[in-house]
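The block underneath contains the structure these notes are about, expressed in structure tokens.
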Amino acid sequence: MSRIDTVFAKLRADGRAAVIPYIACGDPYADATVDIMLALAAGGADVIELGVPFSDPMADGPVIQKASERALARGIGTPQVLEAVRAFRARDAATPVVLMGYANPIEAYDLAHGKGGFVRAAAEAGVDGVLVVDYPPEESVQFSAALKAAGLAPIFLLAPTSTEARMKQVGEVAAGYVYYVSLKGVTGAGHLDTDAVARAVPRIKAHVKVPVGVGFGIRDAASAQAVARVSDAVVIGSALVQCLEALPRDQVADGARRFIAGIRSAVDEVRKA
């Protein structure tokens, strides 16, 4: 059983939802990523989504766009992301890590290291899953198969506009969990409709066998708790990135731990049957 599957099985047995924070690798400080990841795990993160910096992050709002720009300016690319995972894995063997990003850096890595180079390197580094925003399932059949063959989970997005056919298609290939984009917009948007999420998640679960996480628009303990009542996981990114960017280097890890501990505490107040 994979690390992701193990985490969700335990949470399901405990009647709890997962807490999945997102950070951009190399932000807010190039040398702080591993410290932040360790702090997030200590604060109660169940899975960590690590953003691969890219110059045109089309699904991301201004907060994560700026984080990606800052990381790129510091020379953070796919090799540095993989090195951060290796360093984290040397100190934490249990917490799953999912790389989240776009097709271009993956394809560029393969051009530099040979076909399949990214998947091989990700597996060797200790990555558990990969979510590529602009790889829909019909355009990533071979990539998804390669991930699964290497023991990595291909994770896909679903949205309020997703059709039943799209949900079924994702359900046939997804592993780890499915990421439901809770609103029509970009990361960090503030108009989360939890009633709409509550209606959407059962529709998705009719077509997918893996857990359903919900992200986009979750900004605080209250919104995280509301989403935890109706989903298997709460994904929170922009609010965390915004919190960290304001902190000095010597406070950033503890800031990450305290932020996610507050989300963890709120989510754990929700107990599922």
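Laboratory data are not the source of any read-out in this text; all were calculated from the coordinates shown. Note that the coordinates shown come from a computational prediction; the quantities given were computed from them, not determined experimentally. For neighbour counting, all protein chains shown are included, and Cβ atoms are generated from backbone atoms with ideal geometry for every residue, glycine included.
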In the neighbourhood of HIS207 defined by beta carbon distances under 12 Å, the net charge of the other residues (Lys, Arg +1; Asp, Glu -1) is +3
What shape does the chain have by the C-alpha gyration tensor, where a ≥ b ≥ c are the square roots of the eigenvalues, rounded means a/c under 1.5, and otherwise prolate means a/b greater than b/c and oblate the rest? rounded
Value at 222 nm in deg cm²/dmol, rounded to 500, when DSSP H runs of n ≥ 4 in the chain each add -39,500 (n - 2.57): -15000 deg cm²/dmol
If I build a Gaussian network model for the chain, linking alpha-carbon pairs within less than 10 angstrom, which residue out of ASP250, ASP56, ASP92 has the largest mean-square fluctuation? ASP250
Which whole-number percent gives the relative contact order of the chain, counting Cα pairs below 8 Å spaced six or more residues apart? 24
If you find the alpha carbon centre of the stretch 54-72 and of the stretch 11-53, how far apart are they in angstrom? 18
Estimated FRET transfer efficiency when R0 is 25 angstrom, pair SER2-ASP193 (beta carbons, to 0.05): 0.20
What net charge do the residues around GLY117 carry, taking every other residue with its C-beta under 14 Å from that of GLY117, with Lys and Arg at +1 and Asp and Glu at -1? -1
Gain on full stretching of the segment that runs from ALA73 to ALA165 - 0.36 nm per residue minus C-alpha separation: 29.1 nm
Note down the net charge around VAL133, summing +1 for each Lys or Arg and -1 for each Asp or Glu among other residues with Cβ under 11 Å from its Cβ. -3
Of THR95, VAL132, ALA206, which is farthest along the charge dipole of the chain in the positive direction, counting Lys and Arg as +1 and Asp and Glu as -1 at C-beta? ALA206
Assigning unit charges at the beta carbon (Lys, Arg +1; Asp, Glu -1) and nothing else, what dipole magnitude in debye, to the nearest 20, does the chain show about its Cα centre? 680
